[in-house]
Amino acid sequence: MSKMNNINYVDIVCGLAWGDEAKGKIVSQLAKSGKYDYVCRWAGGNNAGHTIYIDGKKYKTHLIPSGVFYGVKSIIGPECVVNKEYFYKEIEYLKSNDFDTSLVKISPKAHIVSSSHIKEDEEKYFKQQGTTAKGIAPCYRDKYGRVGDRVGDHSNNNDFQQYIWNEKLEGNILCEGAQGFWLDINYGNYPFVTSSSTLPYSACSLGFSPKLINNIYGACKIYDTRSGFDPDFPEELLENHELSLIAKEGKEYGTTTGRKRKVNYLNIFKLCQSINISGTTHLIISKI
Ligand code: IMP
Ligand code: MG
């Protein structure tokens, strides 16, 4: 059968735990190999946080995929949510560090996070569920309630237009996961989850067949961590002496919120489940 499009293959990096599994480090290693034509984010918004080191210098992004650091086209997909003001901040940050921001594009189908989404998250969800307060839940609610505002609706803005994506994916694709398996809207400890699907199958929302998926790099740590509120990670964990030593050694505080993460011993049953359901082909365990 002839191929529907010119995509060669798709590799995916996903988190197997509760986020903060050093996905950024893995994506960076892969992106700099030079074998990918695109690096794409498929879900979430600036609730994520990726830390990357290049020549000993530390860079942080929350929304823009890491391809931009290695001269690879970087796509924010249709299932993502975009805070425009924050997007421009990140663009300025990348420009000031001499990265080529013309590589960055956003799907016209991605939804816009408004200031009222953020306000609602700060006032409600942040207090009740310990979210990142970036407006994620209210934005996805409006999307699924079919009253959302999309990136494409902002295409009449001359400056923003240059960032709107109007091409097809082709060649070799790397998909950069955000959050992790157990923060997924379906699999996580609802309602202490994020509002999108963090599993590799959801990357197909970028516009390719699941049959094109080649490698799935699953990331985890040798111990578990949780930023944000979750009854499965009670506050008492912060008082455990041994776990505090692990937290200190592992520098466990959030890149997005700066909060201390709760640390626990590895839940191997959950890890086996997330490996199996995600379809992980390569397991990468950090902080051993
Ligand atoms: P939200 O995605 O901001 O709505 O937050 C929902 C839950 O997911 C909260 O418990 C957050 O702490 C957690 N969360 C969201 N994004 C990340 C991430 O990138 N790393 C770790 N936890 C996250
Ligand atoms: Mg992170």
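The values are calculated or read from the model by the stated rules, or taken from the named source; none is laboratory data. Everything numeric here is computed off the predicted structure, so don't read it as measured data. Using ideal geometry, Cβ is built from the backbone for each residue, glycine included, and neighbour counts are taken over all protein chains shown. Accessible surface is based on the protein model in full, side chains and every heavy atom, while ligands, DNA and RNA are left aside. Shrake-Rupley method; radii C 1.70, N 1.55, O 1.52, S 1.80 Å.
Here are the numbers for the structure shown:
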{"item": "Using θ = phi - 60° and Karplus 6.51 cos²θ - 1.76 cosθ + 1.60, couplings along the stretch 181-191 (whole Hz; Gly, Pro as x)", "result": "3, 7, 9, 4, 4, 8, 9, x, 7, 3, x"}
{"item": "In Hz, Karplus ³J(HN,Hα) per residue of the stretch 192-202 (6.51, -1.76, 1.60; θ = phi - 60°; x = Gly, Pro)", "result": "8, 9, 9, 9, 10, 9, 9, 7, x, 4, 5"}
{"item": "Per residue accessible area in Å² of the stretch 11-65, where ligands, DNA and RNA are left out and the probe is 1.4 Å", "result": "31 Å²"}
{"item": "Sequence-distant lysines (8 or more away, or on other chains) whose Cα lies within less than 17 Å of residue 124", "result": "134"}
{"item": "Percent of Cα-Cα distances greater than 15 Å, calculated over the stretch 118-182", "result": "71 percent"}
{"item": "Karplus 3J(HN,Hα) series, Hz, for the stretch 78-83 with 6.51 cos²θ - 1.76 cosθ + 1.60 (x for Gly, Pro)", "result": "x, 8, 8, 10, 10, 8"}
{"item": "Mean Cβ count within 10 Å, highest first, over the residues of peptides 8-15, 79-86, 240-247", "result": "8-15, 79-86, 240-247"}
{"item": "Radius of gyration and maximum dimension Dmax of the stretch 39-98, Cα, Å", "result": "11.1, 33"}
{"item": "Cα radius of gyration and Dmax for the stretch 146-213 (Å)", "result": "15.4, 42"}
{"item": "Burial ranking of peptide ranges 46-57, 224-235 (average Cβ count within 10 Å, highest at the top)", "result": "224-235, 46-57"}
{"item": "With DNA, RNA and ligands ignored, accessible area of residue 35 (1.4 Å probe; Å², nearest 10)", "result": "90 Å²"}
{"item": "Distance histogram in 5 Å bins (all Cα pairs of the chain, percent per bin)", "result": "1, 6, 12, 17, 19, 18, 14, 8, 3, 1, 0, 0"}
{"item": "The chain - percent of accessible surface contributed by carbon and sulfur, probe 1.4 Å", "result": "51 percent"}
{"item": "P(r) tail fraction, the stretch 5-71 - alpha-carbon pairs more than 13 Å apart, %", "result": "65 percent"}
{"item": "Relative contact order %, the stretch 54-100, counting alpha carbon pairs below 8 Å whose residues are six or more apart", "result": "38 percent"}
{"item": "Computed magnitude of the charge dipole of the chain (debye, nearest 20; Cβ of K, R +1, Cβ of D, E -1)", "result": "340 debye"}
{"item": "Nonlocal amide H pairs with residue 7, under 5 Å, H built at 1.01 Å", "result": "171"}
{"item": "Sequence-distant residues sharing a close amide H with residue 73 (under 5 Å, placed H)", "result": "39"}
{"item": "Accessible area in square angstrom per residue, the stretch 183-288, 1.4 angstrom probe", "result": "53 Å²"}
{"item": "Listed residue (164, 110, 136) projecting farthest to the positive dipole end of the chain, Cβ model", "result": "164"}
{"item": "Residue 269-residue 124 pseudo-label distance in nm [points 7 Å out on the Cα-to-Cβ vector]", "result": "3.4 nm"}
{"item": "The stretch 224-282 and the stretch 115-156: distance between their alpha carbon centers, rounded to Å", "result": "26 Å"}
{"item": "For the stretch 77-131, accessible area per residue (1.4 Å probe, heavy atoms of protein chains only), Å²", "result": "50 Å²"}
{"item": "Highest-first arrangement of 106-115, 184-193, 60-69, 279-288, where packing means the average Cβ count within 10 Å", "result": "60-69, 106-115, 184-193, 279-288"}
